[in-house]
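The values are calculated or read from the model by the stated rules, or taken from the named source; none is laboratory data. All values derive from a computational prediction rather than experimental measurement. Here Cβ is always computed from backbone atoms with ideal geometry, including for glycine, and neighbour counts include all displayed protein chains.
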Amino acid sequence: MIKSETLGQVARIRFDRLDKKNAITVQMYAQLGAALAAADADKQVRAVLLSGTAECFTAGNDVANFLKAPRDPASSPARALFDALPSMKKPVVAAVGGPAIGIGTTLLLHCDLVYAAPNARFQLPFVPLAIVPEFGSTFLLPRIAGYQRAAELLLLGQPFTAQKAQEAGIVTEVVPQERLLEHALQVASALAALPPESMRLTKRLLKARYAEPLAAAIEEETRLFTERLSSPEAKEAMSAFLEKRKPDFSRF
């Protein structure tokens with residue numbers, strides 16, 4: 001469900017579970033983390049392209065699968081991704097078409113360049129699901145978008161467009177859907193052709209000053225996220241999601 005191949009000096013890693021809108025399972029998190037770590041360690045690879053298809057990036061967590069996972073922050077299903085993506089030494093380009101929900105949006109905050117098609121739809125639905133944001137998004141998004149814009153996206157949790165994502169600094173450029181994957185691959189290939197040590201050092205300098213507070217934010221978010229999964233509010237929200245009904249928070 002995670003496909004990985006190397007074309008020239010670019011590792012292409014993509015979600016491949018289209019029948020479920022690329023919803024991420026526990027197994028997929030492990031595969032994705034392993035694929036990213038392998039690409040970063042491969043001397044042939046100089047850049048990474050992360051994508052789904054031009055029609056679907058990822059619908060986020062497979063909720064039913066995720067709720068069956070152990071509820072321990074130290075063994076979070078997403079831990080392999082949390083460990084691999086923020087520490088990537090090589091540039092990571094993302095191509096987003098269709099849904100990019102939950103972690104489908106938060107993981108983009110850790111990529112170096114993000115290209116989106118006009119059909120891309122982003123959402124950070126953590127508060128509506130009675131949980132909290134994850135993957136360092138409460139640290140990174142205010143830094144990228146400014147506090148008020150980050151608060152709007154994280155507190156309301158409503159879907160937003162590729163144009164709004166670009167205005168918030170999440171997306172580098174909006175490109176035509178039919179050219180999305182080609183354009184992102186061209187950019188990844190251009191990065192791969194540049195001096196690799198200069199690329200590595202520049203990326204390290206860009207991220208060094210907030211590496212420690214980001215790691216602390218990820219740990220705190222993961223702890224609170226895990227705790228919230230057992231809360232009455234979250235149980236109502238998740239049940240309503242799975243039963244395709246409107247949740248009732250009036251009694252809380």
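Listed values, structure above:
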item: Verdict on ARG143 being out of contact with any strand residue (DSSP E or B) (no Cβ under 8 Å at 6 or more places or on another chain), of a type in the set (Lys, Arg) and either surrounded by 17 or more Cβ atoms within 10 Å (Cβ to Cβ) or part of a loop (DSSP other than H, G, I, E, B) (or both); result: no
item: Positions within segment 92-102 being crowded, with 24+ Cβ neighbours inside 10 Å and on the phi < 0 side of the Ramachandran plot, in sequence order; result: VAL92, VAL93, ALA94, ALA95, VAL96, GLY97, PRO99, ALA100
item: Residues of segment 206-221 that turn out to be in contact (Cβ under 8 Å) with a residue 24 or more places away in the chain and outside any helix (DSSP H, G or I), as a count; result: 1
item: From the options LEU205, LEU124, residue that is at pLDDT 95 or above, within 28 Å of GLU219 (Cβ to Cβ) and either charged (D, E, K, R) or surrounded by fewer than 17 Cβ atoms within 10 Å (Cβ to Cβ) (or both); result: LEU205
item: Qualifying helices (runs of 4 or more DSSP H) (wholly inside segment 1-119; at least 1 residues being farther than 27 Å from ALA145 by Cα and among the aliphatic types (A, V, I, L, M)); result: 26-41, 63-67
item: Long-range neighbours under 6 Å by Cβ, at least six apart or interchain, first residue closer than 22 Å to TYR210 by Cα within segment 143-160, second at pLDDT 95 or above and assigned to a helix (DSSP H, G or I); result: ALA150/LEU141; ALA150/PRO142
item: Top-ranked residue in segment 127-139 [being part of a helix (DSSP H, G or I) and more than 12 Å from the chain's Cα centre (by Cα); ranked as surrounded by the fewest Cβ atoms within 10 Å (Cβ to Cβ)]; result: THR138
item: Odd one out for ALA37 among (1) over 24 Å from PRO176 (Cα atoms); (2) surrounded by fewer than 24 Cβ atoms within 10 Å (Cβ to Cβ); (3) at pLDDT below 95; result: (3)
